[in-house]
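Heads up, the thing below is written out as C-alpha cells.
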Amino acid sequence: MVKIVTIIGARPQIIKAAALSRAIKTHFSSQIKEIIVHTGQHYDENMSQIFFDELGIPVPDYNLNVGSGSHGKQTATMITGIEEILVKEKPNAIVLYGDTNSTLAGGIAASKIHVPVVHIEAGLRSRSKAMPEEVNRILCDHLSTLLFSPTKTGYDNLVKEGFNAKSIEPYTVDNPKFYHCGDVMYDNSLFFSEVADKKTDIISKYKLEKNKFILATIHRNNNTDEPERLNALFSALNKISVSDNLDVILPLHPRTAKLLETNLKPELLKEIKSNSKFHIAAPASFLEMIALEKNCKIVMTDSGGVQKEAFYFEKPCVILRPETEWIELVECGTALIADANEAKIIESYKNLTSKSNMQFPKLYGDGKASEFICGEMVKHLG
C-alpha cells in the first residue's frame, strides 16, 4: 500500500485533487491510501468548503487554517504544519499541485526530511519570475522525484532545464522521472460537464443566452491592486458589452469586489452599474463555472486554469496578463495575450470572435491522466 499526503490550499488545487481522489477511490483503493491536508490558504467558505461538498472530495484529514498574510509568513506557517504531519504520517510521498504558496511550502517541508515529492502540473513556465507562482513552480519541480506535466511544452521545458529524459530507477530527487501525461483538469471537466447541466441554474438566473455572453474573471494582485490596470480591464469589458449589446458576467473574487469602490474611477463605476448587461456575480462554484464556460461566446481571464477550461469547451480566450504558462493555446490560435491594455483587449476580442473555423486540437490528453499518475505512483513509490 502506497501512502500519500496530498496538499491543497487554494481553489484550483481542491478541484484538481478531486480527479486524483476519484481515481484512487474507483481504481486504486487497495493500493493507495490518501491523507488530505488543507492548508487553509483560501479560507473563505465560498472559495473552499463549497468545492469539497460539490465535488465529493473526502473531508481533509488535517486543516492548518493558515489564512491570509504575507508570502513569507504564510509559507513559513505552512512549512511548520506540513512538516509535523509528514513526521507523524510517514508517507511514501507528498503530492503537490500547481504553483501556490501551499505547493512551495509542501516541497520545502518534504525535501528537508527526505519525503519524495510528486508534482502534478510540472514544467509549466510563464518566463516571468516577477510572478510568485513562477518561482513556486520552478522550485517545486527541482525538489520533486516524480513530475507529471500536462503538456508537451511543459515536458520540453524540463528537458531544457537539465532533467534527464532517460533516467532509470531508482528515482530520487537527484534522479527524477518526468512525464507528459495529460491534464487532470481535463479529466474533471469531462466528468463534471453533464453534472453541471443538471445541478446549476446560473445561466437562467442571469437570463444569459447561449453563445451570447462574455465570461470574465479577474483576480491577480497586479490587476486588482493597480488602479490603472483595473480601470483598463473594466473599461474594455464595458465598451465591448455596450458596442455589441452583449452580456458580461464576472464572478468576482472577494478581494476584487472590495477594491472596485476604491480603485475604479467614479465615472466608470457609474457606467458599469448602469449597464444592465454587466453582471457582477458572487464567486461561482466549480459546476457553475463549467456551465458558464460551456455556454459563453468568449472567455476573458487572468486565471491560468480558466484559460485551459475555455479550451476544453472550445471557447476562444483573451488572456488578461502579459504572459501565459499555457503558450500552446496562443500558438494554436485559440487565445490571445492582451494584458491590461484596453485597446488590445478590444482588438483581441474582435479578432477571436471573427474567426469562423477555429481548431481545438487534443492538447491535454485523453481524460485519464489521474489514472496514469496513480499507476506510476504505485509502480515507483511502493
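The values are calculated or read from the model by the stated rules, or taken from the named source; none is laboratory data. Worth saying up front: this structure is predicted, and the values here are computed from it rather than measured. When we count neighbours, we look across all protein chains shown, and the Cβ atoms used for this are built from the backbone with ideal geometry, even at glycine.
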Q | Test: Glu331 is without any contact (Cβ under 8 Å) to a residue 60 or more places away in the chain and under 16 Å from Gly304 (Cα atoms) | A | yes
Q.
Taking the criterion of being modelled with pLDDT under 95 and surrounded by fewer than 16 Cβ atoms within 10 Å (Cβ to Cβ), would at least one residue in region 73-81 satisfy it?
A. yes
Q.
Between a residue in region 182-207 that is at positive phi and any residue that is of a type in the set (D, E, K, R) and in a loop (DSSP other than H, G, I, E, B), which pairs come within a Cβ distance under 7 Å, given they are 6 or more apart or on different chains?
A. Gly182/Asp366
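Among the strands (runs of 3 or more DSSP E) confined wholly to region 162-273, which include 3 or more residues that are modelled with pLDDT of 95 or more and not assigned by TED's automatic domain parsing to the domain that holds Asp141?
Counting at least 3 such residues, we get 213-217, 247-251.
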Q. Which is farther than 18 Å from Pro150 by Cβ, under 16 Å from the mean Cα position of the chain (by Cα), assigned by TED's automatic domain parsing to the domain that holds Ala232 and assigned to a strand (DSSP E or B), of Met289, Met300?
A. Met300
Q: Just name the residue that is farthest from Ser276 (Cα to Cα) out of those in region 229-248 that are in contact (Cβ under 8 Å) with a residue 40 or more places away in the chain and not hydrophobic (A, V, I, L, M, F, W, C).
A: Arg229
Q) Would region 6-23 turn up any residue that is closer than 22 Å to Ser303 by Cβ, free of Cβ contacts under 8 Å to residues at least 24 places away in the same chain and out of contact with any helix residue (DSSP H, G or I) (no Cβ under 7 Å at 6 or more places or on another chain)? A) no
**Q.** Of all residues making up region 1-24, the number that are touching a strand residue (DSSP E or B) at 6+ places or on another chain (Cβ under 9 Å), part of a helix (DSSP H, G or I) and among the basic types (Lys, Arg)
**A.** 1
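Being touching a helix residue (DSSP H, G or I) at 6+ places or on another chain (Cβ under 9 Å), under 21 Å from Gly69 (Cα atoms) and not polar (S, T, N, Q) narrows it down to one residue among Ile280, Ile218; which is it?
Just one listed residue meets the conditions, Ile218.
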Q) Would it be correct to say that Ala110 is in the same structural domain as Gly154 (by TED's automatic domain parsing), part of a helix (DSSP H, G or I) and farther than 21 Å from Pro176 by Cα? A) no
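Does His114 count as on the phi > 0 side of the Ramachandran plot and surrounded by fewer than 24 Cβ atoms within 10 Å (Cβ to Cβ)?
Numbers: on the phi > 0 side of the Ramachandran plot: yes; surrounded by fewer than 24 Cβ atoms within 10 Å (Cβ to Cβ): yes.
Spelling it out, His114 is indeed on the phi > 0 side of the Ramachandran plot and surrounded by fewer than 24 Cβ atoms within 10 Å (Cβ to Cβ).
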Q: Look through Leu329, Leu363, Leu352 and report the one residue that is within 23 Å of Phe148 (Cβ to Cβ), in contact with a Cys (Cβ under 9 Å, 6 or more places away or on another chain) and assigned to a helix (DSSP H, G or I).
A: Leu329
